[in-house]
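> The structure's right below; bear with me while I get my questions together.
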Amino acid sequence: MGVVGLGTMGAGIAQVCVQAGFETIGREVSDDLGERGRSTIDHYLSRGVEKARLSQQDKDAALARLTLVTDLGELAGCDLVIEAVIEDLATKHTVFKELDEIVGAGAILATNTSALSVTEIATATNRPERVVGMHFFNPAPVLKLVEVVRTEQTSPELFDAAYEFSQRIGKEPIACNDTPGFVVNRILIPLLNDCVRVIDEARVSPEDVDRAMTFGANWPIGPCALIDLIGIDVHVHASEALAGALGEERMAPPPRLREMLEEGKLGRKSGHGFFSYSASTK
Ligand SMILES: NC(=O)c1ccc[n+]([C@@H]2O[C@H](COP(=O)([O-])OP(=O)(O)OC[C@H]3O[C@@H](n4cnc5c(N)ncnc54)[C@H](O)[C@@H]3O)[C@@H](O)[C@H]2O)c1
């Protein structure tokens, strides 16, 4: 199989695939970025060895299943290609158009897009029936869910194959139609935005909003801590995309989040968001 893009999501998806025993070709735009993807995977597998979750032998075998390439043409023999490049329709169109010319007629072409339309991405190919969404969650090696997304054109056999593949790599797939935000983001984004609006409406602190939802609704993590983990930039971008697609004001990011973004408070990764993080808690 092939993974296009070894950034945050692509590296995680490639790790899941090599750990599940699949020979995986990872394509990056440069050798340096490819090596960075590989070292991310190495780092997380090493942590697994330290914590005795996998043996050194299994780690070495998993890494040996990963081949790095920069030329998309090297993916010609893949049965499944998962695209995980930046969330930009033009970039995804370029990748899918090229893949359409490269991979065999029987291959599955999957996109990991969060907020773009799978149907629109598929228009770059001459085989929209062989395009499906496979939406993994971050971090892909940890979170079990894969939303397997069908468009009106997706062939049922191809959809079933993508669904079964998700199970074979140890994931918990769900089946859904190509609608804005699919399932989790459609529910979670407006919900988290409401939690942020309540901070100002009810004059409650972020700490107490989190206490409210953990002690009152039994959430495992408070909404503010969750947004810090997702990243304010990622959440605002996803909110804007969903607001644009659905035309609902409630989906749009609240002013407080936009201000945090302008101030560079991006959450855990920047050390500051609703809460502050030291190097050891980032
Ligand atoms: N980060 C998340 O939480 C998350 C979760 C689920 C899905 N997604 C989706 O996964 C996809 C990738 O997101 P990410 O967070 O891994 O991004 P990232 O910024 O970490 O990685 C982006 C990748 O795109 C590649 N890229 C950039 N410009 C390119 C170009 N012109 N041509 C080809 N490749 C190019 C980069 O080399 C890199 O591999 C997006 O569609 C995103 O919406 C992200």
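The values are calculated or read from the model by the stated rules, or taken from the named source; none is laboratory data. Quick caveat: nothing in here was measured; it's all calculated off a predicted structure. Ideal geometry is used to build each Cβ from the backbone, glycine not excepted, and the neighbour counts take in all protein chains shown.
> Look at the stretch 221-268 and say how many of its residues are assigned to a loop (DSSP other than H, G, I, E, B) and free of Cβ contacts under 8 Å to residues at least 12 places away in the same chain. Even if it seems obvious, please write down each step before you answer.
Just the residues of the stretch 221-268 that are assigned to a loop (DSSP other than H, G, I, E, B), to begin with: 221-222, 231, 247-248, 252-254, 263-266.
Imposing the further condition that a residue be free of Cβ contacts under 8 Å to residues at least 12 places away in the same chain reduces the set to 221, 247, 263-264.
Counting residues in the stretch 221-268 that are assigned to a loop (DSSP other than H, G, I, E, B) and free of Cβ contacts under 8 Å to residues at least 12 places away in the same chain gives 4.
Per-residue answers, yes or no, for (1) near the ligand (Cβ under 7 Å from one of its atoms); (2) in contact with a strand residue (DSSP E or B) (Cβ under 8 Å, 6 or more places away or on another chain); (3) in a loop (DSSP other than H, G, I, E, B):
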{"residue": "V3", "(1), (2), (3)": "no, yes, no"}
{"residue": "G12", "(1), (2), (3)": "no, yes, no"}
{"residue": "C17", "(1), (2), (3)": "no, yes, no"}
{"residue": "V29", "(1), (2), (3)": "yes, no, yes"}
{"residue": "S39", "(1), (2), (3)": "no, no, no"}
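> Oh, and also: Could you list all residues from the stretch 56-92 that are under 18 Å from the mean Cα position of the chain (by Cα), outside any loop (DSSP other than H, G, I, E, B) and of a type outside the set (S, T, N, Q)?
Scanning the stretch 56-92 gives L80, V81, I82, E83, L89, K92.
> When you go through A14, A52 one by one, which is the residue that is among the aliphatic types (A, V, I, L, M) and either surrounded by 18 or more Cβ atoms within 10 Å (Cβ to Cβ) or in contact (Cβ under 8 Å) with a residue 24 or more places away in the chain (or both)? Full working, then the answer.
Working: A52 fails: either surrounded by 18 or more Cβ atoms within 10 Å (Cβ to Cβ) or in contact (Cβ under 8 Å) with a residue 24 or more places away in the chain (or both).
Criteria check complete, one pass: A14.
> Give the residue, chosen from A241, A225, that is at pLDDT 95 or above and among the small types (G, A, S).
A225
> Pick from the stretch 143-183 the residues that are among the hydroxyl-bearing types (S, T, Y) and buried (at least 21 other Cβ atoms within 10 Å of the Cβ): which of them is nearest to the chain's Cα centre (by Cα)?
Among those residues, the one meeting the criterion is S166.
> Residue by residue through the stretch 78-119, note down the ones that are within 15 Å of the ligand (Cβ to nearest atom), surrounded by fewer than 24 Cβ atoms within 10 Å (Cβ to Cβ) and among the small types (G, A, S).
A90, S114, A115, S117
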